[in-house]
Every structure is written in structure tokens, then in C-alpha cells.
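Shown next, in C-alpha cells, is the structure this report addresses.
The values are calculated or read from the model by the stated rules, or taken from the named source; none is laboratory data. Everything numeric here is computed off the predicted structure, so don't read it as measured data. Here Cβ is always computed from backbone atoms with ideal geometry, including for glycine, and neighbour counts include all displayed protein chains. Note: areas computed on protein heavy atoms with side chains; ligands, DNA, RNA excluded. Shrake-Rupley method; radii C 1.70, N 1.55, O 1.52, S 1.80 Å.
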Amino acid sequence: VKYIYVGILGLVGGYFAYAGWMIVGEKTGIEIRKRYFRSLLQQEIAFYDTINPNELSTKIAEECFNIQQGIGDKVAVFCHCMGMLVSGLIIGYIKGWHLALIITAFSPLTAIVGGIFIFSIQKLSKANNEAFAKAGAISEEVLNSIRTVISLSGQGKEMKRYQETILENSKSVTKFAIIAGFAIGMIIFFVQGVYAFGFFIGSVFVRNKVNNPVTDKPYTAGDVLTVFFAIMSVNFVPTMITPSVKAFTIAKHNAVKAFEIIDRKSKISISDERGLKPAGGCQGSIKFKDVKFAYPLKKERVILNGISFEIRPNEKTALVGESGCGKTTCMQLIERFYDLAEGENGSITLDGNELKDLNLRWMRENIGYVGQEPVLFATSIKENLLMAKENATDDEIWDALKKANAADFVQTLP
């Protein structure tokens, strides 16, 4: 009865431990996803020039899921395996350290092969993540522009590009998959080898009446079986613990990349409360003076080379020039998508104040920007317009629609 109670207590404890780690994994995974996305929204435009933005949705999904796996139920399984390891060694060596020591000799071999397996899985995971992130970016890009792809009969070309990206790391993936498979096979071989060797040595000890140093009596069948299965539980640990260690390894690799984004401080942050907020509002006088600018990724290519001009309030100003001459760049500098580099690169002022000295949120709330290819989010017209001014009244919204010659069109919508 005593052992039954102990077993029931262990069962209940294991259940709560497993459930607890599952809950921890889910809640932590959700929090990491939120912080990851929040950090991405805070980054300056120059950050997105260094990566393919279409990869981000795939990266968020895969990296956060893998991190969640590494801190969820796999931790409970790992603790269970470590408990087996410790208890198996204690029971085995208490009942017959002589025999236990012989059987345990196989454990280092299993551990070495397990290390090879973990290393190969880590490399395999890295190669897969890189390939799938690039392929995911291509698929998202193509599906978002599916009308253009179909109109140009580009399905075959895009399919080929997708396949080439998927197969880009096929050689390294195959190599490490073979190593991982070989390692798993060797682990199973050693475990089965321990079965054969253990029973053989045990039968020799019983037949030859080898003295058990613990009891100071010859080994019995009961001693052999107790020691054997106690140590066997230890030798099973590498096989049972491998999925958990694999999950930890993948989670660690993905956490490094995820927290690089989460911890990154934007050079131009909308959440920065510092900066001037002129009491008189925004008058709209913009001046470029000897502005020299090159994009961060192509510093050798100067886009604006000492440009100077003035945009006066209540007037329409047009920037005219050939493609690539810097018209869009001027607009991006006014919006502070980019900042001028430190040094003698001229100045950009709004109502006499340097753009860098103004509070970014205040400045953008006072500037209306309509891009060449405007985007509507999947919400109502009203909610789209409120993104520009959160506290706008209905009258202000209709007034803006009339100025954009869109009021009549919007009124015909359901």
C-alpha cells in the first residue's frame, strides 16, 4: 500500500509539472511574439533596408514557436529523464556497484554519440531555418503580387525561384541529416548492446557465484535484475532526452536571433518622448540647406549632393527630375525615415527648428503623407483615416475625404 501511495503521488506530481511547463511555454511564447512584433514596429526604415521584410512573418512564426517548444513540456520531460538518471545510478550502485560499474561503461559511448547528434541537429536546424525564411519571403512576395505574376505568365519562373531557394542548402541539410541518423542508430545499437552484455555478465556472476561487495554474499538473480534495470534506465536516458535537448538547442539558436530584434534600440523611435513640441503648431516652412545624403547601405553612392531649396507655407512645391535623382529621398528625409549622418551634411529645418530637435510623434502628426502606391489596411475607411489622427471627429474625417475627392465614392460603399 505504501508503494501504491508513493506511485500515485508521483503520478499527480508529474501531471502538475507537465501541465505547469506547458502553461509556462504557452504564456512565454505569446509574450515573446508580442514583444518581437512591437520591436519590429519601432525600428527605423534603414533597418528594413538590411533585410527582406517578407521574411519577417515567417521568422516570427518559426522562431517564436521553436522558443516555445524549448521552454514548454520538453523541460518536464528533461527533468523526468534527469530523475531517472540520478535514481538509476543510486539504486544500481547501492544494490551492486561491481556489476553496475561494468554496465555503466557503455554510458560514455552513448553520451559521445548523443553529442554528435545534438551538433548535427543544431546545424540542420540553422540550414533549414535560413532556407525556409527565404522561401517564405518569396512565396509572400509572389502571392501579394499574384495579379502581376499571372498577367506576365511568370508562374513557372517564380516556381523555379522558390524551388531553387528551398534546395539552396540541400547538400548541407542532407549531410547533417545523415550524421544525425547515424548517431540515432548508434545510440540504439549501444542500448541493445547493453541488454545483451548485461544479461551475459549477470548470468556469469550468478553461475560463478561472484561475491557482491554490498551484501557480502554471492550475486543472486534478483540482485542482477535490480542492478541491470536500474542502470538500463540510465542508458535509456540519452534516447529519451534527445528530443528535449534537440528542442533546447533549436530554441537557443532561435532565441539569439529573436532577442537581437527584441533588444534592438531604434535609431529613430516614435516612442522617444524627447524633442521640441512648438506651442504655435506647425506652420509648414521647410528648408534644405547644403544637404548631402547617401543611404546607409550604399554610402559610396551620394544621392543628394549639396541640395538647397525652400518649401513655403500655403504654396504647392513640385520636385521634378529623372528617376533616381532624389525626389523620393527628399520626402523620406522630411518624414525622418532617415537622418542625415553626423558631420558636415547640411541641415533640414521645419519652421526654423532642426528636424532632429523636434519630437518625432508631434512632427509626424503634423505632416500628411500620401505615397505613390497608398495602402488600405483591412479595416473600415474611418479606421484607416483615424490612423493619421486618432482623435479626429467625424466632421474632420468627411472634410478630409472631400479634399481628397473621395467623399462621393465613400458614400456609395455599403
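What to note about this one:
- Of the criteria (1) aliphatic (A, V, I, L, M); (2) over 23 Å from ARG312 (Cβ atoms); (3) part of a loop (DSSP other than H, G, I, E, B), which one LEU340 fails: (2)
- Here the condition is being of a type outside the set (S, T, N, Q) and surrounded by fewer than 17 Cβ atoms within 10 Å (Cβ to Cβ); of ALA135, ALA131, ALA105, it holds for ALA105 alone.
- Lone qualifier among ILE67, ILE118, ILE51 - being among the β-branched types (Val, Ile, Thr) and over 30 Å from SER269 (Cα atoms): ILE118
- Meets criteria (in contact with a helix residue (DSSP H, G or I) (Cβ under 9 Å, 6 or more places away or on another chain), more than 30 Å from ILE67 (Cβ to Cβ), open to solvent by 60 Å² or more (accessible area, probe 1.4 Å) and of a type outside the set (S, T, N, Q)) for LEU276: yes
- Subset of the range 200-214 [open to solvent by 30 Å² or more (accessible area, probe 1.4 Å), touching a residue at least 60 places away in the same chain (Cβ under 8 Å) and not aliphatic (A, V, I, L, M)]: PRO213
- One residue from ASP216, ASP223 being in contact with a helix residue (DSSP H, G or I) (Cβ under 6 Å, 6 or more places away or on another chain), farther than 25 Å from VAL75 by Cβ and charged (D, E, K, R): ASP223
- Qualifying positions in the range 279-326 - of a type in the set (A, V, I, L, M), within 37 Å of the chain's Cα centre (by Cα) and open to solvent by less than 70 Å² (accessible area, probe 1.4 Å): ALA294, VAL302, ILE303, LEU304
- The criterion of at least 3 residues that are out of contact with any Gly (no Cβ under 6 Å at 6 or more places or on another chain) and at pLDDT below 75 is met, among helices (runs of 4 or more DSSP H) falling completely within the range 1-72, by 2-42.
- Of all residues in the range 157-168, none satisfies being touching a residue at least 40 places away in the same chain (Cβ under 8 Å) and either surrounded by 17 or more Cβ atoms within 10 Å (Cβ to Cβ) or assigned to a helix (DSSP H, G or I) (or both).
- Residue identified as closer than 30 Å to MET240 by Cβ, modelled with pLDDT of 80 or more, hydrophobic (A, V, I, L, M, F, W, C) and touching a Ser or Thr at 6+ places or on another chain (Cβ under 9 Å) among ILE187, ILE118, ILE179, ILE138: ILE179
- Residue within the range 191-203 that is more than 24 Å from GLU55 (Cα to Cα), among the hydroxyl-bearing types (Ser, Thr, Tyr) and part of a helix (DSSP H, G or I) present: yes
- Among the residues of the range 362-388, the ones that are part of a helix (DSSP H, G or I), farther than 29 Å from ALA279 by Cα and open to solvent by 80 Å² or more (accessible area, probe 1.4 Å) come to 0 in all.
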